[in-house]
Amino acid sequence: MTLEEYNNAVDEYADNLYRFVLKNCRDEALAKDVVQDAFEKLWIKLDTVEGEKVKSYLFTTGYHTLLDSLKKEKRMTTLDQQEHDRHSHTDQYTGMAEVLQDALERLSEIQRTVIMLRDYEGYSYEEIGEITGLTASQVKVYIYRGRICLKSYLVNIENII
């Protein structure tokens with residue numbers, strides 16, 4: 001990969017990668033860090049990554065970096081976060097975007113990821129498989145099961161009100 005191809009990759013994929021990571025973690029600072037780390041890892045492996053595989057490499061690296069960050073974050077809980085969680089109020093209707101976000105949060109990590117890659121980013125099953133390390137068949141199953149969970153959650157009126 002040349003320096004020009006790297007710069008083109010930054011221009012072409014940085015926003016999409018940021019959007020994907022942000023949708024999965026809902027933390028702007030973490031999303032920016034993950035995107036930065038993905039491009040840093042690409043820079044380090046500049047000689048070994050082929051130009052036509054850069055998109056797949058970036059999303060795979062971003063996905064795995066995000067998972068590592070989330071695992072690390074789960075082990076650490078601050079007192080402020082516990083207080084905030086205890087006093088939050090989510091019983092009222094706050095808008096469809098919030099309801100959909102709540103429905104997505106109920107999915108497993110892998111279901112949410114493959115649905116986001118497919119429905120929000122428009123990747124093919126094969127591309128999602130490359131990013132997540134799954135086969136195309138596994139991707140289809142996770143997407144199907146995730147959509148079933150979303151549907152059953154969203155058709156229940158108590159969840160929306």
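The values are calculated or read from the model by the stated rules, or taken from the named source; none is laboratory data. Please read all numbers here as calculations on a predicted model, not as lab measurements. FYI the Cβ positions are ideal-geometry reconstructions off the backbone, even for glycines, and counts take in every protein chain you see.
Listed by first and then second residue, the pairs with beta-carbon distance under 6 Å, at least 6 apart or on different chains, first residue in region 126-137 and outside the structural domain of HIS64 (by TED's automatic domain parsing), second of a type in the set (Ser, Thr, Tyr) and part of a helix (DSSP H, G or I), are GLU130/SER56; ILE131/THR60; ILE131/TYR63; ALA136/TYR125.
Quick grid of which residues meet (1) out of contact with any helix residue (DSSP H, G or I) (no Cβ under 9 Å at 6 or more places or on another chain); (2) modelled with pLDDT of 80 or more; (3) not polar (S, T, N, Q):
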{"position": "LEU46", "(1), (2), (3)": "no, yes, yes"}
{"position": "LEU79", "(1), (2), (3)": "yes, no, yes"}
{"position": "HIS87", "(1), (2), (3)": "yes, no, yes"}
{"position": "TYR93", "(1), (2), (3)": "no, no, yes"}
{"position": "ARG147", "(1), (2), (3)": "no, yes, yes"}
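Taking helices (runs of 4 or more DSSP H) as the structural unit, those lying wholly within region 109-161 and holding at least 3 residues that are among the acidic types (Asp, Glu) correspond to 125-132.
Residues to consider are TYR142, TYR123, TYR153; find the one that is surrounded by 12 or more Cβ atoms within 10 Å (Cβ to Cβ), outside the structural domain of THR61 (by TED's automatic domain parsing), modelled with pLDDT under 85 and not β-branched (Val, Ile, Thr).
Within the list TYR142, TYR123, TYR153, the selection yields TYR153.
Looking only at residues that are within 20 Å of LEU46 (Cβ to Cβ) and aliphatic (A, V, I, L, M) in region 1-33, which one is modelled with the lowest pLDDT? Only one residue tops the list, namely MET1.
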